[in-house]
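Novice: Following this message is one structure expressed as structure tokens.
Here, each number is a calculation from the coordinates, and none is a lab measurement. Predicted, not measured: the structure shown is a model, and the values here were computed from it. Using ideal geometry, Cβ is built from the backbone for each residue, glycine included, and neighbour counts are taken over all protein chains shown.
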Amino acid sequence: MEHTAVSKYTISFGLSLALSSVLNALLVVAKEKSQVVTAGMQKITGHQWVTHVAIILILFVLLGWLFARANHGQGPKLAVNRLTGIVVAGIVAGGLIITGFYWVAD
Amino acid sequence: MNEIILMFHVLFGVGCIVTTVWLFVDVLHASEANLNRIRWLSRAAAAFMWLAFLIGGYWYVIFYAADKAIILKGPWPFAHRFFMETKEHLVIMLLLLVTYLPIAASNNLAANQEARRLVLWLTAVIALLGLMIEGHGAIIAMGVKVALLAGQH
């Protein structure tokens, strides 16, 4: 018989991956559009890109952990095929925002 | 020494791509016999990418400013303005993808077609994004080269 269940972390960190990818792209836009944001990020670690990476990695772990605690600790209920669609959509959206932004900016 | 650091950055990046393609093929033929190898390959792909990222990140923070200045004065300023700018941010998504890969590959892929499809999508995206980022790196290096060559004439 075919199994369709996956671990709660597969779902929670998959959702976190999709969301973090989009947030990564939005942070790029915020950083490039606002000197204040860039200067603030520069101040935190000494390099704006290092701060950017740290923010996104912390968000990824935090969101994955929070999603896993949802639904009384069982994690979100979601079909795996739907999760796959969300993950791919998040990655494509993030990639398009970043590429499109620099394409227009250059 | 800086160039050696950069070569290891590329080497581990290629290691991640090759491992991911191998993983893709193994997942296509997932069975109880290769489940263990699939899990180890997913961890190896993540380890290669993290090494490439840490080495490249160190080089970028410490040494890239000099290359950037050369590129921007040369005939290929887009090598920085477009290719480096997109590379340094797309690579964060790649890092998230490879970190997630072992989590997705920890499920029973031999018995679960939907989980198998998820890992196939992940590996395909990682390999394609990895290749694209390798290409970006080549264009950035060429941006430095054409700038230095232009400066000789």
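Novice: Can you compute the helix-only [θ] at 222 nm over chain A? Use -39500 (n - 2.57) per DSSP H run of at least 4 residues, normalise by all residues, nearest 500 deg cm²/dmol.
Specialist: When only DSSP H runs of four or more count, the value is -29500 deg cm²/dmol.
Novice: Would you be so kind as to identify which of B:129, B:76, B:89 lies farthest towards the positive end of the dipole of region B:45-153, taking Lys and Arg as +1 and Asp and Glu as -1 on Cβ and the Cα centre as origin?
Specialist: Of B:129, B:76, B:89, it is B:76.
Novice: What is the distance in Å between the Cα centroid of region B:62-138 and that of region A:48-70?
Specialist: If you average the Cα positions of each part, the centres end up 18 Å apart.
Novice: Given the -39500 (n - 2.57) contribution per DSSP H run of 4+ residues, what per-residue ellipticity at 222 nm results for chain B, rounded to the nearest 500 deg cm²/dmol?
Specialist: That comes out to -30000 deg cm²/dmol.
Novice: If you don't mind, another one. Short version: ³J(HN,Hα) in whole Hz for each residue of region B:92-103, in order, from phi by Karplus 6.51 cos²θ - 1.76 cosθ + 1.60 (θ = phi - 60°), x for Gly and Pro, what are they?
Specialist: In residue order, the calculated couplings are 5, 5, 4, 5, 5, 4, 6, 6, 7, 3, x, 5 Hz.
Novice: Now, a different point. Per residue of region A:36-50, what does 6.51 cos²θ - 1.76 cosθ + 1.60 with θ = phi - 60° give for ³J(HN,Hα)? Whole Hz please, x for Gly and Pro, Karplus curve as stated.
Specialist: Ordered by residue, 3J(HN,Hα) equals 5, 4, 4, 5, x, 5, 4, 5, 5, 10, x, 8, 4, 5, 5 Hz.
Novice: Separate question: Can you order the peptides A:72-83, B:60-71 by their average number of other Cβ atoms within 10 Å per residue, highest first?
Specialist: Working: A:72-83: 13.9, B:60-71: 16.4.
Put in order of decreasing packing, that is B:60-71, A:72-83.
Novice: So, one more: Which one of B:62, A:74, A:14 is farthest out on the positive end of the charge dipole of the protein assembly as shown, using unit charges on Cβ (Lys, Arg +1; Asp, Glu -1) and the Cα centre as origin?
Specialist: A:74
Novice: Let me ask you something else. Using alpha carbons only, how many degrees (0 to 90, rounded to 10) separate the axis of helix A:80-105 from the longest principal axis of chain A?
Specialist: 10
Novice: Next up: Does anyone have the angle between helix A:8-33 and the longest principal axis of chain A? Alpha-carbon axes, 0 to 90°, nearest 10?
Specialist: 20
Novice: Could you list log10 I(q)/I(0) for the protein assembly as shown at q = 0.09 Å⁻¹, which the Debye formula gives when each Cα is one point scatterer?
Specialist: Result of the Debye calculation: -0.43.
Novice: What translational D, rounded to a whole number of µm²/s, comes out for region B:1-137 from Stokes-Einstein when the hydrodynamic radius is the Kirkwood one over Cα pairs, at 25 °C and 0.890 mPa s? Please list the in-between numbers first.
Specialist: On the way: Rh = 15.7 Å.
D, rounded to a whole number, is 156 µm²/s.
Novice: Give the span of region A:35-106's Cα atoms along each principal axis, as three whole-Å numbers ordered largest to smallest.
Specialist: The Cα atoms of region A:35-106 stretch 41, 28, 15 Å along their principal axes.
Novice: Now, a different point. Other chains near A:87-95: what is the mean number of their Cβ atoms within 10 Å of each residue's Cβ?
Specialist: Numbers: counts 7, 5, 0, 2, 10, 1, 0, 5, 7.
Across A:87-95, the average partner-chain Cβ count within 10 Å equals 4.
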